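Notes for the one structure printed next.
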Amino acid sequence: MSGNTERAWPLIRYGEILLNYAEAITEAGQPLLAYPKLIELRNRAGILPGADNLYSLKPIMSVMEMREIVRNKEELKWLSRISVLMILEDGQ
């Protein structure tokens, strides 16, 4: 095969993967396992960890409480911020 072929590759942001994992593990009934992914997401967005190193997350949340966090529009704002920062860092 010769010639130039352009492809539209799907772009998945790492922040979105972290958030999707946190949502999936919460829906599986294990909200405590969502903490590391949400903390990583908030850390990447430049959020300060706070004295408890929970990045403003309430300790030991129920499934219902964690569900509200992972679906919160604020998380999506941080996700967008991360994407913009990553684009700027890569120069694209």
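Points to keep in mind about this one:
- Inter-site label distance for residue 14 and residue 47 at 7 Å from Cα along Cβ, in nm: 1.7 nm
- Under Karplus coefficients 6.51, -1.76 and 1.60, residue-wise ³J(HN,Hα) of segment 30-41 in Hz, glycine/proline x: 10, x, 5, 6, 7, 3, x, 6, 5, 5, 4, 4
- FRET efficiency for the residue 71 to residue 6 pair, using the beta carbon distance and R₀ = 41 Å, is estimated at 0.70.
- Approximate spin-label separation residue 64-residue 24, in nm, with each point projected 7 Å along Cα-to-Cβ: 2.6 nm
Readers should treat all values here as calculations from the given coordinates under stated rules, not as data from a laboratory. Predicted, not measured: the structure shown is a model, and the values here were computed from it. Glycine gets a Cβ as well: all are built from the backbone with ideal geometry, and neighbour counts include every protein chain shown.
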